[in-house]
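Some notes on the structure that comes next.
The values are calculated or read from the model by the stated rules, or taken from the named source; none is laboratory data. Please read all numbers here as calculations on a predicted model, not as lab measurements. In this analysis, Cβ positions are derived from the backbone assuming ideal geometry, glycine residues included, and neighbour counts consider all displayed protein chains. Side chains are part of the model used for accessible areas, which takes the heavy atoms of the whole protein and leaves out ligands, DNA and RNA. Shrake-Rupley method; radii C 1.70, N 1.55, O 1.52, S 1.80 Å.
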Amino acid sequence: MSHYAVNARYRYLRLQADAPIALSTHPGQFYQLKCPVTASDAPFLLRPMSVYGAGPAPDTIEFLYNVTGVGTRALATLAEGASLDIVGPLGNTFTLDTAWKRVMFVARGVGLATMAPLVQRAAAAGLQLTVVMSARSEADLMHDEFLRSPQARALADVHCVFDSDGSSAVEVLAPRVQALLAATPHDAVYTCGSHRLLMLLQRALDAYPDIVGEVAMEQRMACGMGVCLSCVRLFDSDGDKQFLRVCREGPVFPIRNVVGEVDFG
């Protein structure tokens, strides 16, 4: 096991399992982690965490996470060489056609961890990459942690936006994304990590019905296997609105199917 801080907000965790789980783990899937109990924190439920990397060894799995609450705070205390119980892989995967020419990734914060394996798979297939990375400030941006490989960096056209200078504001970013889509044909657009970015892309893709759009949804989960129904979200498929479980039917869904605002009145 390897476990260390990437920057002031994020930590990297690599686990070596007793089984070849990397071989059955695909971009977009997640695991449920049993966080340790400490003197100050006693997490009760398992914590869902998207896969940051699988391999190259068949028994190796990687996670990148933000310390935000009781569970991840306790997880951050895990010493190198310690053991950790995990359940997975869970959920469905992203769609990627290796015959495509160019795809776009729009990521914010720890959402980049979810899409990082997909970036590597797209780069390995030789696809051109348009990458829009959003963060609070430059100190929080994990450019190299997202692209990871020299091949991905060589294929990527990267655009970084920040809260600190206002460039990540929806009214500023929306026309920039629209200009990128208009300038070069894209086959697919992917996002994770921000509801406002999801809604921005949903509007932007109205003008491009042939572009595949997918989002990895982030949602609080209890069981992670579809039993407790704590992670349901509303989706619209051809005018038929239905609640689906993010952990079971997702976490990857078509961007166009997500219902942004729910009115229960």
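For the stretch 131-142, the condition holds for no residue, the condition being that it is buried (at least 16 other Cβ atoms within 10 Å of the Cβ), modelled with pLDDT of 95 or more and more than 19 Å from the chain's Cα centre (by Cα).
If the condition is being modelled with pLDDT of 95 or more, open to solvent by 60 Å² or more (accessible area, probe 1.4 Å) and of a type outside the set (A, V, I, L, M), then the stretch 175-195 contributes PRO175, ARG176, GLN178, PRO185. Selection of the stretch 109-128 for residues being in contact with a strand residue (DSSP E or B) (Cβ under 8 Å, 6 or more places away or on another chain), open to solvent by 10 Å² or more (accessible area, probe 1.4 Å) and more than 25 Å from PRO48 (Cα to Cα) yields only GLN128. Just to be sure I understand, how many residues within the stretch 40-51 are open to solvent by 10 Å² or more (accessible area, probe 1.4 Å) and under 13 Å from HIS26 (Cα atoms)? Total meeting the criteria: 1. When the stretch 234-265 is filtered for residues that are of a type in the set (Lys, Arg) and surrounded by 17 or more Cβ atoms within 10 Å (Cβ to Cβ), the ones remaining, listed by number, are ARG245, ARG248, ARG256. You will find that of THR38, THR72, the residue that is part of a loop (DSSP other than H, G, I, E, B) and of a type outside the set (A, V, I, L, M) is THR38 and no other. Which residues, counting only those in the stretch 143-174, are open to solvent by less than 40 Å² (accessible area, probe 1.4 Å), under 19 Å from ASN7 (Cα atoms) and in contact with a Ser or Thr (Cβ under 9 Å, 6 or more places away or on another chain)? The answer is VAL161, PHE162.
Filtering the stretch 76-108 down to residues that are of a type in the set (Lys, Arg) and outside any loop (DSSP other than H, G, I, E, B), which residue is surrounded by the most Cβ atoms within 10 Å (Cβ to Cβ)? Once the filter is applied, the top-ranked residue is ARG108.
When the stretch 1-25 is filtered for residues that are assigned to a helix (DSSP H, G or I) and loosely packed, with under 13 Cβ neighbours inside 10 Å, the ones remaining, listed by number, are LEU23, SER24.
Scanning the stretch 207-228 for residues that are under 14 Å from ALA107 (Cα atoms) and assigned to a helix (DSSP H, G or I) turns up nothing.
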